[in-house]
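The values are calculated or read from the model by the stated rules, or taken from the named source; none is laboratory data. Model, not experiment: these values are computed from the prediction. Here Cβ is always computed from backbone atoms with ideal geometry, including for glycine, and neighbour counts include all displayed protein chains. Note: areas computed on protein heavy atoms with side chains; ligands, DNA, RNA excluded. Shrake-Rupley method; radii C 1.70, N 1.55, O 1.52, S 1.80 Å.
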Amino acid sequence: MKNSISVVSLFLFFSIAVCSQKKEQNREIVVDSIKNPEVKYLLHLDSISLSKSSEMLEEEVYWAIIDSSLHETTNQEDQELYLVSAIEKLTPQEMIGFRLRTDKLLFDSYNPELWCAAYIVSGGCSDGGFEYFRCWLISQGKAVFYRVKSNPDSLINEMIEGKESYEFEGFWYVAMNAFKNRTGEDLYSYIDYDTFVTNDENYPLLSFNWNPDEPSTMGEICPILFEKLWK
């Protein structure tokens, strides 16, 4: 009987010791991840029951992340890396929301006047080029985006001497890459496309009021850009 009690006591002692050790290791992991933001751990979506979403990230939060990326970086490559890192700090729901907010802004800025401005500054602009141009425009922050969206000719104020490209393809993928990095999953699989319809699959059919074969029509849409940049 005494031997049995001794065995049980010994078992309990080792069990408590092992549990304490695991708790300490977990505590060290949490502390280390706080001290060192480069330490990343995969989120397990099953444990948080994430379902498909059509909820956009709050707009002011969205623009605050972009503004921060502009303040902290000096070139497009670094801005892209910064954005991915910043989005990784959001919840999975918010990461999806960041992408949905981007898609909504792209949808809202899909118009022939802005396309004319992009065509002039780039010396031509395909469908894909216009998409990446608007990604670049969004990446310049809230004030620039809404000002140019309202008056495409004001894009002249954002021109930089010697700069040849006003496109930012990578911006379209920052939320997807962040989501993949943190969850190992494809963000597209968690978008509720039945509810979220303001995306590139549902762009309206545009009626163009300008024609590059008749350059003067572009001058009517964006007179300042046309006069200064069209050759």
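How large a share of the accessible area of segment 67-162, in percent, is made up of carbon and sulfur atoms when the probe is 1.4 Å and the other protein chains stay in place? Provide the component values of the computation, followed by the final result.
On the way: 1800 of 3890 Å².
Heavy-atom surface of segment 67-162 belonging to carbon and sulfur, 1.4 Å probe: 46 percent.
Find the Cα radius of gyration of segment 45-156, compare it with 2.2 N^0.38 Å by division, and give the number to two decimals. The partial results should precede the final answer.
Working: Rg = 15.3 Å, N = 112, 2.2 N^0.38 = 13.2 Å.
Compared with the compact-globule rule of thumb, segment 45-156 sits at 1.16.
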Cα centroids of segment 173-207 and segment 49-83: how far apart, whole angstrom? 15 Å
Can you pull the percent of segment 187-231's accessible area that's carbon plus sulfur, 1.4 Å probe, other chains left in place? 51 percent
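Under the Kirkwood approximation applied to all pairs of distinct alpha-carbon atoms, what is the hydrodynamic radius of segment 158-225 in Å? Write down the numbers at each step before the final one.
Numbers: mean 1/r = 0.0611 Å⁻¹.
Kirkwood hydrodynamic radius for segment 158-225: 16.4 Å.
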Test of the criteria: in segment 164-227, which chymotrypsin sites (Phe, Trp or Tyr not before Pro) are in a DSSP loop and have at most 15 other Cβ atoms within 10 angstrom of their Cβ? Tyr193, Phe208
Given Lys142/Lys163; Lys149/Lys228; Lys142/Lys231; Lys104/Lys231; Lys89/Lys163; Lys149/Lys180, which pairs have Cα atoms separated by over 28 Å? Lys142/Lys231; Lys104/Lys231; Lys89/Lys163; Lys149/Lys180
Dimensions (Å) - segment 101-148, Cα atoms, principal axes, largest first: 27, 18, 16
Report the relative contact order of segment 126-179, percent, no decimals, based on alpha-carbon pairs under 8 angstrom and at least 6 residues apart. 50 percent
Treating only the Cα positions of segment 89-203 as identical point scatterers, give the base-10 log of I(q)/I(0) from the Debye formula at each q in 0.10, 0.14 Å⁻¹. -0.32, -0.61
